[in-house]
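Chemist: My structure is below; once you've seen it, I'll send some questions.
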């Protein structure tokens, strides 16, 4: 018996990869996600490889996972992939305290983030026109 299969939320020419609870604030992660939005998969990987930001390596892993999902699970052409979406969401917050003078304490909030990368295959006609 069991439940009926849930319909696929993405289109046929899309693949997705998600990283959850990444230890960085969403605001900082979004700066790196902006670098790759709308770029081809190969140029986005090159951009992340040479980025000086620490979190760029994690974003690169998620992008590589999305590309691998597109190739292996959905039989999409890797050379025609581009980053359709790269969105960042808030996750949990660890709350810590930092001791201050006169017996007081100051709160320290350590934020976590979610990252979702969606790659899409360009249409045949658009690929021929850009070449």
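The values are calculated or read from the model by the stated rules, or taken from the named source; none is laboratory data. Quantities reported herein were computed from a predicted structural model and do not represent experimental measurements. Don't worry about glycine lacking a Cβ; one is built from the backbone with ideal geometry, like all the others, and counts go over all protein chains shown.
Chemist: Hey, among the residues in the stretch 1-30 that are part of a loop (DSSP other than H, G, I, E, B) and under 14 Å from residue 120 (Cα atoms), which one's nearest to the chain's Cα centre (by Cα)?
Modeler: Across the stretch 1-30, the extreme among qualifying residues is 10.
Chemist: List the pairs whose first member sits in the stretch 76-96 and is more than 19 Å from residue 15 (Cα to Cα), whose second member is surrounded by 16 or more Cβ atoms within 10 Å (Cβ to Cβ) and modelled with pLDDT of 95 or more, and whose Cβ atoms are under 6 Å apart, counting only residues at least 6 apart or on separate chains?
Modeler: Correct list of pairs: 90/26; 91/112; 91/113; 91/114; 92/112; 93/111.
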